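Notes to accompany the following structure.
The values are calculated or read from the model by the stated rules, or taken from the named source; none is laboratory data. Being a predicted model, the structure only gives us computed values, none of them experimental. Cβ sites come from the backbone with ideal geometry, for glycine too, and all protein chains shown count toward neighbours. Just so you know, the surface numbers come from the protein's heavy atoms only, side chains and all, with ligands and any DNA or RNA stripped out. Shrake-Rupley method; radii C 1.70, N 1.55, O 1.52, S 1.80 Å.
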Amino acid sequence: RKEVEQDPGPFNVPEGATVAFNCTYSNSASQSFFWYRQDCRKEPKLLMSVYSSGNEDGRFTAQLNRASQYISLLIRDSKLSDSATYLCVVNRLGGSTLGRLYFGRGTQLTVWP
Amino acid sequence: NAGVTQTPKFQVLKTGQSMTLQCAQDMNHNSMYWYRQDPGMGLRLIYYSASEGTTDKGEVPNGYNVSRLNKREFSLRLESAAPSQTSVYFCASRDLQGGGFNQPQHFGDGTRLSIL
């Protein structure tokens, strides 16, 4: 089983729509969680960290459910500029993998006018 | 504000040639990473260096070697390039020592490598 699994999409939504992405992780020892954004042929960039209590950054809301080993990202009022691939990222602790991040394959979002 | 700098940005090699991809970070991060990204495969970890003086294999280390030259620099070497190594290579760094596991990785803008 993969460390991090995401629905690859693609998600195609109109401007102004609300869209949600889900992600599951396999190892309960995972300690920290992130969402990254990657534009076509560019490097991944941090979108936001995910905290246990959930957190919001403008139009973006991230939630963590440790019991279900599930992370979500909600985007409200989608903009054309939100079109990108969204990567779910998990840090697992312990042993030889100390400090290593595990990346999902990404969910592709296209926002159309 | 250079962050993570990778060189070269593009390279074309012939099968069997060797080359070294360079990566340097100016953020005083202790951990550095090399990934490759292929269509439909996502990011795959090749090697990482949790701190200066240490290196460890990731998911796909075969055909590669790394050197953590100092705290700033982490290079990736292809000794005998193969067409299967055609990919986009990303270097990343992370401040585990100062910031702990809640610190994200910061990426360079990639090296696009083609092996003919």
Quick check on region A:38-55: of everything there that is touching a strand residue (DSSP E or B) at 6+ places or on another chain (Cβ under 8 Å) and of a type in the set (D, E, K, R), which residue is surrounded by the fewest Cβ atoms within 10 Å (Cβ to Cβ)?
A:41
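A quick yes/no check of all residues on (1) among the small types (Gly, Ala, Ser); (2) under 22 Å from residue B:112 (Cα atoms); (3) within 13 Å of the chain's Cα centre (by Cα); (4) exposed (fewer than 13 other Cβ atoms within 10 Å of the Cβ):
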position	(1), (2), (3), (4)
A:33	no, no, yes, no
A:58	yes, no, no, yes
A:66	no, no, no, yes
A:78	yes, no, no, no
A:92	no, no, no, no
A:100	no, no, no, no
Filter result (touching a residue at least 24 places away in the same chain (Cβ under 8 Å) and open to solvent by 50 Å² or more (accessible area, probe 1.4 Å)) within region B:46-83:
B:71, B:72, B:73, B:77, B:79, B:80, B:83
Quick check on region B:27-35. Is at least one of its residues among the aliphatic types (A, V, I, L, M) and open to solvent by 50 Å² or more (accessible area, probe 1.4 Å)?
yes
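Here is a yes/no grid of residues against (1) more than 17 Å from residue B:114 (Cα to Cα); (2) within 11 Å of chain A (Cβ to nearest Cβ); (3) of a type in the set (Lys, Arg):
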| residue | (1), (2), (3) |
| --- | --- |
| B:13 | no, no, no |
| B:19 | no, no, no |
| B:30 | yes, yes, no |
| B:36 | no, no, yes |
| B:40 | yes, yes, no |
| B:49 | yes, yes, no |
| B:66 | yes, no, no |
| B:75 | yes, no, no |
Could you please give the count of residues in region A:26-59 that are more than 14 Å from chain B (Cβ to nearest Cβ) and touching a residue at least 24 places away in the same chain (Cβ under 8 Å)?
2
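Among the residues of region A:5-22, are any without any contact (Cβ under 8 Å) to a residue 24 or more places away in the chain, within 23 Å of residue B:88 (Cβ to Cβ) and buried (at least 16 other Cβ atoms within 10 Å of the Cβ)?
No, there is no match, as no residue in region A:5-22 is without any contact (Cβ under 8 Å) to a residue 24 or more places away in the chain, within 23 Å of residue B:88 (Cβ to Cβ) and buried (at least 16 other Cβ atoms within 10 Å of the Cβ).
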Residues B:65, B:102: which one is modelled with pLDDT of 90 or more and of a type outside the set (A, V, I, L, M, F, W, C)?
B:65
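Just a yes or no: is a residue in region B:90-104 buried (at least 17 other Cβ atoms within 10 Å of the Cβ), touching a residue at least 12 places away in the same chain (Cβ under 8 Å), within 14 Å of another protein chain (Cβ to nearest Cβ) and among the small types (Gly, Ala, Ser)?
Looking only at region B:90-104, we keep the residues that are buried (at least 17 other Cβ atoms within 10 Å of the Cβ), and these are B:90-96, B:103-104.
Pick out the ones that are also touching a residue at least 12 places away in the same chain (Cβ under 8 Å) and you get B:90-96.
Retained after the next criterion (residues that are within 14 Å of another protein chain (Cβ to nearest Cβ)): B:90-96.
Filter again for among the small types (Gly, Ala, Ser), leaving B:92-93.
So far as region B:90-104 goes, yes, one or more of its residues are buried (at least 17 other Cβ atoms within 10 Å of the Cβ), touching a residue at least 12 places away in the same chain (Cβ under 8 Å), within 14 Å of another protein chain (Cβ to nearest Cβ) and among the small types (Gly, Ala, Ser).
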Taking the options A:78, A:32, A:53, A:49, name whichever one is polar (S, T, N, Q), in a loop (DSSP other than H, G, I, E, B), out of contact with any Ser or Thr (no Cβ under 6 Å at 6 or more places or on another chain) and modelled with pLDDT under 95.
A:53
